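Asks: Just dropping this structure here.
The values are calculated or read from the model by the stated rules, or taken from the named source; none is laboratory data. All values derive from a computational prediction rather than experimental measurement. Here Cβ is always computed from backbone atoms with ideal geometry, including for glycine, and neighbour counts include all displayed protein chains.
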Amino acid sequence: MSTRRKYNSSLRESQAAETRSKIMASARKLLARDGFDGATIAAIAKDAEVSAQTIYSVFGSKAAIVAGMMAYLESMARESEFVERLEHEPNACAQLRIFTGWVKHFFDEGADIISVVLQSPNQPEFADIRQKGDERRLFGCKMLTRQWDDAGELRMDADEAANSLWLASSFEVYQQGVSNLGWDSEKYELWLYETTERLLFR
């Protein structure tokens, strides 16, 4: 491939990525303000300064824009960084602190997007997002509680502990604390850590 063709290909890819980012940024703003039903494709296109047809060409549907935002959120959640910290931390309470810190970080960064997914139960794409997200979080909880069980730290069996940790760390609980009780996210994180520490450990 010639240098010019490589340049043109790179330029097209850059422009496509920029268009995709603009659409997601506009959609995120309008979805947070107007909800899933209120944020129309036409409104998103106007805000992003693209045509509605461009949005359909890039994403295919409004639900697919939200799915794209969730995928981006998960890629930016620094999960690998938190996992590495967990692997280098032998103390169970410190590991729990790392886990609750990651949960708080993830929910803080994506609360508006996650809310759209949870508040739109009739979208089949969102059901899959919710299920896979719950499954990944439960898998992570089980990895931790089995390790704590092997170390003799738990006051219950590993699966019961994982279920309890999974339930306590759900977005719905975060939302109740931050939105309904008026907590800031630091208070939520402290509550989550202290509650699960008392519940799980001897």
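Asks: Would you tally the residues in segment 151-202 being more than 17 Å from the chain's Cα centre (by Cα) and of a type in the set (Gly, Ala, Ser)?
Replies: The number of residues fulfilling the criteria is 9.
Asks: Then there is this: Can you name the number of the only condition in (1) out of contact with any Cys (no Cβ under 8 Å at 6 or more places or on another chain); (2) over 22 Å from residue 70 (Cα atoms) that residue 132 fails?
Replies: Status for residue 132: all satisfied but (2).
Every residue, every condition in (1) in contact with a strand residue (DSSP E or B) (Cβ under 7 Å, 6 or more places away or on another chain); (2) assigned to a helix (DSSP H, G or I); (3) farther than 20 Å from residue 32 by Cα, yes or no:
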| residue | (1), (2), (3) |
| --- | --- |
| 85 | no, yes, yes |
| 94 | no, yes, yes |
| 99 | no, yes, yes |
| 104 | no, yes, no |
| 107 | no, yes, no |
| 121 | no, no, no |
| 131 | no, yes, yes |
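Asks: Would you check if residue 140 is at pLDDT 90 or above, assigned to a helix (DSSP H, G or I), small (Gly, Ala, Ser) and not assigned by TED's automatic domain parsing to the domain that holds residue 45?
Replies: Considered against the rule, which asks whether it is at pLDDT 90 or above, assigned to a helix (DSSP H, G or I), small (Gly, Ala, Ser) and not assigned by TED's automatic domain parsing to the domain that holds residue 45, residue 140 comes out as yes.
Asks: Collect the residues in segment 17-56 that are surrounded by fewer than 12 Cβ atoms within 10 Å (Cβ to Cβ) and part of a helix (DSSP H, G or I), keeping them in residue-number order.
Replies: Matches in segment 17-56: 17, 18, 33, 37, 38, 42, 53.
Asks: Among the numbered criteria (1) surrounded by fewer than 19 Cβ atoms within 10 Å (Cβ to Cβ); (2) more than 21 Å from residue 185 (Cα to Cα); (3) small (Gly, Ala, Ser), which one does residue 162 miss?
Replies: The failed condition is (1).
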